[in-house]
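Shown next, in structure tokens, is the structure this report addresses.
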Amino acid sequence: MRNRIAAASLSAGVLLVAGLLTAPAAVAAPTAPSCVGSACNGLNPANTNCQNDARTVGESSDPMGAMELRYSPSCRAAWGRFKINAPSGSRIEIKNSQGKKYTTRGSGKFYSVMINDKDVKAWACGIWPSEFGGTNTACTSGY
């Protein structure tokens, strides 16, 4: 009987020490959004944590599928992104149903600044030079 009690005590001690040595790692608390709604107007999504929960909520219907509308639920903001390698001289216009509009110029697979999408509708249009002269335009659906 004594041997069983001693063995049980030893096992419990080993488990206790092992548990203390391998304590679970602390879980990081969720980060508050960098901005919300109109406070995000004109900000670069890469300089905020809004991009962390972003998802694509709209796409252009052009044959190349050139544009997408990205949305952050935590920030309640949207931005446009070129999915194609846009040539030099390209731009993205992001706007909302409140009449707010921003234009971002660039090339390659670039994105626009953010715009408020809290209780309003937003959409993005990509405009790029055509190889035959003139311009091409591709707009996303609204969200």
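From most to least packed by mean Cβ count within 10 Å, the peptides 31-43, 65-77, 131-143 give 65-77, 31-43, 131-143.
Would you mind telling me the share, in percent, of accessible area of region 37-93 contributed by carbon and sulfur at probe 1.4 angstrom? Ligands and nucleic acids excluded, carbon and sulfur give 41 percent. Taking all protein chains into account, the per residue accessible area for region 54-96 stands at 39 Å² (1.4 Å probe).
Extension gain for the segment Gln98 to Asp62, taken as residue separation times 0.36 nm less the Cα-Cα distance, is 10.4 nm to one decimal.
Positive contributions from Lys and Arg (+1) and negative ones from Asp and Glu (-1), summed over other residues with Cβ under 13 Å from the Cβ of Glu68, come out at +3.
What does the net charge come to around Thr103 if you take all other residues with beta carbon closer than 13 Å to its beta carbon, with K and R at +1 and D and E at -1? With Lys, Arg at +1 and Asp, Glu at -1, the net is +4. Normalising by residue count, region 42-143 has a Cα convex hull of 84 Å³ per residue. Summing charges over neighbours of Val120, with a neighbour being any other residue whose Cβ is under 14 Å away from its Cβ, gives +4 when K and R count +1 and D and E count -1.
The values are calculated or read from the model by the stated rules, or taken from the named source; none is laboratory data. Because the structure is a prediction, the values reported are computed rather than measured. Here the Cβ is made from the backbone with ideal geometry for all residues, glycine too, and neighbour counts use every protein chain on show. For accessibility, only protein heavy atoms count, side chains too; no ligands or nucleic acids. Shrake-Rupley method; radii C 1.70, N 1.55, O 1.52, S 1.80 Å.
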